[in-house]
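Heads up: the structure comes next, in structure tokens.
Read-outs: derived from the displayed coordinates by stated rules, not from any lab. Everything numeric here is computed off the predicted structure, so don't read it as measured data. Cβ: placed from backbone, ideal geometry, glycine included. Neighbour counts: every protein chain shown.
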Amino acid sequence: FGFYQTGKRMVLYTTQKDYDEPSYGLAAYHQSTLKDFLLKKLSLTVGARFDYEKAKQDYIVWKLSADQKEQTTRLNDSESFTQFTPKVSLQYQFDASNMIYATTTRGYKTGGFNISFSTEDERTYSPEYSWNYEVGGRFSAFNNRLYGDLALFYIDWRNQQISHAVANKTGSMLTNAGKSYSKGVELSLNARPADLLNLQFTYGYTEAKFREYLYGDADYSGNYIPYVPQQTLMLGGDYTWNLSARYVDRLIFSAQYTATGRHYWNDSNDVRQGFYGILNGKLSAVKRNLTVDLWIKNAASKEYMAYFFQTSGKYFAQKGKPLTFGTTISFTL
């Protein structure tokens with residue numbers, strides 16, 4: 001009799017990553033406003049900011065097996081960043097409650113190092129630059145029973161920093177999109193049709209897209225920038241009922257409907273969350289310094305995706321909170 005044995009030898013090991021990323025910086029800022037510039041009630045504001053930052057990275061990867069610890073990677077590097085960012089704003093004040101303005105600012109985010117990456121090129125990311133333009137105004141009517149704000153904006157980015165999943169690994173890193181933009185409008189209204197009744201309305205529309213964005217073999221140019229809702233909406237109101245009773249001075253009834261428009265979760269725009277709305281309500285009983293709130297959130301138990309991420313080639317999503325209710329007791333000194 002004879003025996004034949006076959007098998008494969010397997011060596012199991014784990015990796016350990018040690019990294020230290022100290023950074024330090026300084027900034028100087030100045031802003032001045034010149035009133036009655038060229039015209040009465042017209043003001044000119046000019047500002048400037050200078051930033052300096054130095055970032056370092058000491059990154060070590062160890063291979064750990066049963067009987068040894070071997071260093072496989074050692075990276076030690078530093079980078080310095082300097083930037084001057086100006087600001088110019090014109091404002092015309094009709095009266096204490098009505099004004100219009102126009103503003104131009106230079107935006108900047110410093111570069112740095114990624115902790116997780118697949119290739120050497122992905123270890124660092126470049127600074128982000130932008131020009132931000134905004135025009136708008138504040139207005140009121142009916143003895144300030146109706147007032148609001150309106151703004152139109154346009155942002156022109158270069159090297160926008162985008163969070164991206166690390167290919168075939170866990171974690172995320174920052175990359176740079178070549179060119180991108182964001183433009184839109186924001187409106188906010190507040191009304192007091194009766195002395196004890198307040199109504200609020202806000203609406204925003206945003207179009208945010210990549211102009212030029214190449215990542216590996218993929219071309220995301222023309223796609224929407226992730227995590228930016230195309231629309232936001234809020235409708236709310238509260239009514240105060242003065243009682244002056246033994247145990248309650250007043251009751252406050254409030255309700256709010258908030259909605260979020262379609263937005264995409266990744267650069268390729270193949271995963272998205274559609275338009276959804278959430279209804280919240282609250283009843284507050286007030287007695288001097290004591291307030292008791294009975295509240296409900298997501299009263300219709302609307303299902304939606306609150307967060308999404310991709311790692312190791314797989315998709316993961318977190319559902320939003322369902323209907324919740326409770327009470328809060330607060331005391332003001």
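Brief remarks on what is shown
- Straight Cα distances below 22 angstrom link LYS63 to the lysines LYS8, LYS17, LYS169, with same-chain residues fewer than 8 positions distant left out.
- Those lysines that a straight Cα-Cα span of less than 30 Å connects to LYS287, excepting residues fewer than 8 apart in one chain: LYS297
- Packing-based ranking of 40-53, 202-215, 60-73 yields 202-215, 40-53, 60-73, ordered from highest to lowest mean Cβ neighbour count within 10 Å.
- Normalised by the number of residues in the range 20-225, the mean separation of alpha-carbon contacts (under 8 Å, six or more apart) gives a relative contact order of 12 percent.
- Cross-link partners of LYS209 among lysines (Cα-Cα below 18 Å; sequence separation of 8 or more within a chain): LYS179, LYS183
- Residue (of PHE210, VAL135, SER312) at the positive-pole extreme of the chain, dipole from beta-carbon charges: VAL135
- Filter on LYS282/LYS321; LYS35/LYS87; LYS54/LYS109 - keep pairs with C-alpha separation over 21 Å: none
- If you take the alpha carbon atoms of the range 236-333 and fit the smallest convex hull around them, that volume is 131 Å³ per residue.
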